[in-house]
Structures are given as structure tokens and as C-alpha cells.
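This report refers to the structure that appears directly beneath it.
The values are calculated or read from the model by the stated rules, or taken from the named source; none is laboratory data. All values derive from a computational prediction rather than experimental measurement. Note that each Cβ is placed from the backbone with ideal geometry, even for glycine, and that neighbours are counted across all protein chains shown. Note: accessible area is taken over every heavy atom of the protein model, side chains too, but ligands, DNA and RNA are not part of it. Shrake-Rupley method; radii C 1.70, N 1.55, O 1.52, S 1.80 Å.
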Amino acid sequence: METDNKKTARLTGILYLLVIICAGFSQGYVRGTLFVPGDAETTLANIVASEGLFRLGLATDLIAFLLDAVIAILLYQLLKGVNKTLAIIAATFRLLAHPAIASLNLLNHYMAIETATSGGYLSVLGMEQQETWTMLFLQAHNYGYLLAGAFFGIHCLLLGILLYRSNLFPSIFGILMVLAAFGYLIETFGNIMIPGNEALLANIVGFSAAVGEVSLTFYLLIKGVNEPS
């Protein structure tokens, strides 16, 4: 059983690392570089000039969300011994967050490409309409990302509780994942309730998620799980 848990943990770590790389590339680099808030003209020009990069961002996002579905089940397998019901609920929230909501939200990313490049039946759009619709789809994608973040925040909260109570992992990872959970929830509800603080909220979730998720990922990769005493 211990050997099986180590194998499962290391596989989870590998997939989690791939998710961090893919999602970080698409959200942090691609959209972070090409999307200029409040500047529709520059954003449109960036997407047209780097259409291949923008499409790659969509593809890497989709890969990350597909892998996340597997991670949800693997984490359930590792932690169901702590509390099976809580582990199922945690896995469900992760499946809803990225494989479901965030994957569907990629339609907004795709539609931003279509309106920016004016392919096919969209060729009748004028420049001003192109800019308006492209920004609208990108804004919709951003809020879809935030909605998924609320579900993921609840997952991180439940995962933190499970990790804290599990003898397979040091309790510090449970605490760090709870902090990451609050980061995600603060970003989502902060943007909804108090708009205009996007940069600050992004820094909060970026720091808390990096500390919690990255540290857990490397523990899964290097250590796997705690050895029995």
C-alpha cells in the first residue's frame, strides 16, 4: 500500500507540475503579454501579430484542464482514507473548477481569436467593432476564470483540511493550501465586489497559490508520501 501511495503521489506531482507550466504559460505569459487592459487597439494588434501564440495559449490551457481531471481523482485516491466524503467533495469541486467551468470558458478565448482575425462570416466587422468584440470576449474569459477560481478555492480549502489531517503528508502543506484557498476566494469575490483592484488581487493569489501548490507539487515529486514510522 505504501508503494502504491508513493507511485500515485509521484504521478500526481508530475501531472501537477505540467498543469502549473501549461496554465502559467497561457495565463501568465500569453494573455498577460497580449491582453492590454483598457487598450482595445493594442490588444487587437497584439493578437493579430501573434495569432499562433494566442492559439497555443488556448491549447496549453486545455491540456492543463484535461490533466486536472486526472489529478482530482489521484488526490481522492491518496486522501480518501482521511475522510471519504470530504475527499469526494474536494475532488468534485476541482472537477467543476477547471475540467468543467474553465474548459467551457475557453470558448471566450477562441471567440476573441475569431473576432480579432475577422475570419469567414466575421469579415464584415469594421475595425471598431473588432476591437469592441475582442475585448468583450477577453473580459468574459477573465470573469469565467474568476468564477472557476471560486470553485478551485473551495477545493483548496477542503484539500488543505485533508492534508492537515493525513499522516501521509506534513501538516504544513495543509496550512499552505488553506492560505492558497483564501487567495483564490479573495481574488474572485474581490473582483466582483470591489472592481479596480485587479493587480493587487492577482498578486495575492499568485503568491499564496505559488507557495501552497508549488511546494506541494515538489513534495509529491521528490518525497511522495511520508514513510510509516
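Please give the Cα centre distance for region 176-229 versus region 66-123, rounded to the nearest Å.
Answer, in whole Å: 17.
Between ILE89 and ARG165, how many nm apart are label points set 7 Å from Cα along the C-beta direction?
A separation of 0.9 nm, rounded to one decimal place.
So what's region 99-217 giving for Rg/Rh, alpha carbon basis, Kirkwood Rh from the mean inverse pair distance? Before the final figure, lay out the partial values.
On the way: Rg = 18.2 Å, Rh = 16.0 Å.
We get a ratio of 1.14 for region 99-217.
Just to check, using Stokes-Einstein with a Kirkwood Rh over alpha carbon pairs, what's the diffusion coefficient of region 1-130 at 20 °C and 1.002 mPa s in µm²/s? Write down the numbers at each step before the final one.
Values: Rh = 16.7 Å.
Rounded to a whole number, D works out at 129 µm²/s.
If you put +1 on each Lys and Arg Cβ and -1 on each Asp and Glu Cβ, how big is the dipole of region 112-229 around its Cα centre, in Debye rounded to 20? Provide the component values of the computation, followed by the final result.
Numbers: 2 positive and 7 negative charges, 99 e Å.
That gives region 112-229 a dipole magnitude of about 480 debye.
Using a Förster distance of 25 angstrom, determine the FRET efficiency expected from the C-beta separation of ASP39 and LEU62, and round it to 0.05.
0.40
Describe numerically, in nm with one decimal, the distance between label points set 7 Å from Cα along Cα→Cβ at GLN139 and at ILE21.
Each label point is offset 7 Å from its Cα along the Cβ direction, giving 3.6 nm.
Which order, highest average first, do 10-17, 78-85 follow once you tally other Cβ atoms within 10 Å for each residue and take the mean per peptide?
Details: 10-17: 18.6, 78-85: 16.0.
In decreasing order of mean packing, 10-17, 78-85 become 10-17, 78-85.
Please report, as a whole percent, how much of the solvent-accessible surface of the chain comes from carbon and sulfur atoms (probe radius 1.4 Å).
Working: 7710 of 11030 Å².
Carbon with sulfur: 70 percent of the solvent-accessible area.
So what's the back-of-envelope 222 nm ellipticity for the chain, counting only DSSP H runs of four-plus at -39500 (n - 2.57) apiece and dividing by all residues, rounded to 500?
Only helices count here, giving -25500 deg cm²/dmol.
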